Amino acid sequence: LYDKDPLPNGIVMGLAWTSMGGSALYIETQAIRRGTDPEGKQRGGGMLKVTGQLGSVMKESTEIAYTVSRAQLADIDPSSSFFDENDIHMHVPEGATPKDGPSAGVTMTTAMLSLALGKPIRNDLAMTGEISLTGKVLPIGGIKEKVMAARRAGIKCIILPDQNKRDFDEIPEYLKEGLDAHFASDYPTVYDVSFS
């Protein structure tokens, strides 16, 4: 879908577990600048719209990622009003494929921050992990399948939850060979790897 390096702003590759094994999928975000009324006041309220046939757990993850993104941006660049001036549309392509589960939280957060900061993510980076409202990176399942999907997609650098390090260590060496694996317990670690 995207072969340029770096990826366009607001797009990040995530890793998912499916009944067919692991899958690499993109999280896309787009900003829609809010218009003004005749008095010059902005319309709308900084909304998040989500598409891509997402299940209820994944939809909840988008809302958490949106809140975490806003909080992280306030720490990174307190002068930014990006989320106040723009609505966000988040899409997970392959709309015919149902998607659910909490493990895209870090990917969604990174996609929104890439868009807000105008900073692209390299195209050989993928990530997975649930995110809490306070920015903690929580463990997820399907590590072996997700690493296999990353390899198939040509990924060289992967970010996983710190609490899944043991799962990663148990994967056969041939699957880990050539992969630069990073483990995060909180979002600032994900940010540092993603935007370095």
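When you restrict to C-alpha pairs under 8 Å that are six or more residues apart and normalise by the size of region 12-156, the relative contact order lands at 36 percent. Counting only Cα atoms, region 92-196 measures 38, 33, 24 Å along its principal axes, largest extent leading. Applying D = kT/(6 pi eta Rh) to region 15-90, where Rh is the Kirkwood radius over alpha-carbon pairs, T corresponds to 25 °C and eta to 0.890 mPa s, the Stokes-Einstein value obtained is 170 µm²/s. By the rule of a C-alpha distance below 17 Å, with chain neighbours fewer than 8 residues away ignored, the aspartates and glutamates paired with Lys59 are Glu28, Asp87, Glu94, Asp100, Glu130.
For region 25-64, trypsin sites (Lys or Arg not before Pro) are listed when DSSP marks them as loop and at most 11 other Cβ atoms sit within 10 Å of their Cβ; the list is Lys41, Arg43. The fraction of Cα-Cα pairs per 5 angstrom bin, counted from 0 for the chain, comes to 1, 8, 17, 21, 21, 15, 8, 4, 2, 1, 1, 0, 0 percent, rounded to whole percents. Its relative contact order, with pairs defined as Cα atoms under 8 Å and 6+ residues apart, puts region 82-196 at 26 percent.
At a temperature of 25 °C and a viscosity of 0.890 mPa s, determine how fast region 53-144 diffuses translationally according to Stokes-Einstein, using the Kirkwood radius over alpha-carbon pairs as Rh; express D in µm²/s, rounded to the nearest whole number. Estimated via Stokes-Einstein, D reaches 177 µm²/s. Rounded to the nearest 10 square angstrom, Ser81 shows an accessible area of 40 square angstrom against a 1.4 Å probe. The GluC sites (Glu not before Pro) of region 165-196 meeting both criteria, a DSSP state outside H, G, I, E and B (loop) and at most 14 other C-beta atoms within 10 angstrom of the site's C-beta, are Glu170, Glu177. A Förster radius of 41 Å combined with the Cβ-Cβ distance from Thr67 to Met20 puts the calculated FRET efficiency at roughly 0.80.
Taking the Cα centre of region 121-196 as reference, the dipole from Cβ charges on Lys and Arg (+1) and Asp and Glu (-1) amounts to some 200 debye. Projection of the Cα convex hull of region 102-162, averaged over all directions and equal to a quarter of that hull's surface, yields 4.3 nm².
Ligands, DNA and RNA are left out, and with a 1.4 angstrom probe the accessible area of region 107-179 is 43 Å² per residue. Here the gap between His89 and Leu175, fully extended at 0.36 nm per residue and compared with their Cα-Cα distance, gives a gain of 27.5 nm. For helix 56-76, what angle does its Cα long axis make with the longest principal axis of the chain, in degrees from 0 to 90 and rounded to 10? Relative to the chain, helix 56-76 is tipped by roughly 70 degrees.
Computed from phi, the 3J(HN,Hα) profile of region 7-23 under the Karplus parametrisation 6.51, -1.76, 1.60 (θ = phi - 60°) reads 5, x, 3, x, 10, 9, 8, x, 10, 10, 9, 10, 5, 9, x, x, 9 Hz, with x in place of Gly and Pro. Helix 105-117 axis versus longest C-alpha principal axis of the chain: approximately 50°, rounded to the nearest ten. Modelled label positions at Leu1 and Glu39, each set 7 Å beyond Cα in the direction of Cβ, lie 4.2 nm from each other.
The values are calculated or read from the model by the stated rules, or taken from the named source; none is laboratory data. Worth saying up front: this structure is predicted, and the values here are computed from it rather than measured. All Cβ positions, even for glycine, are placed from backbone atoms using ideal geometry, and neighbour counts span all protein chains on display. Side chains are part of the model used for accessible areas, which takes the heavy atoms of the whole protein and leaves out ligands, DNA and RNA. Shrake-Rupley method; radii C 1.70, N 1.55, O 1.52, S 1.80 Å.
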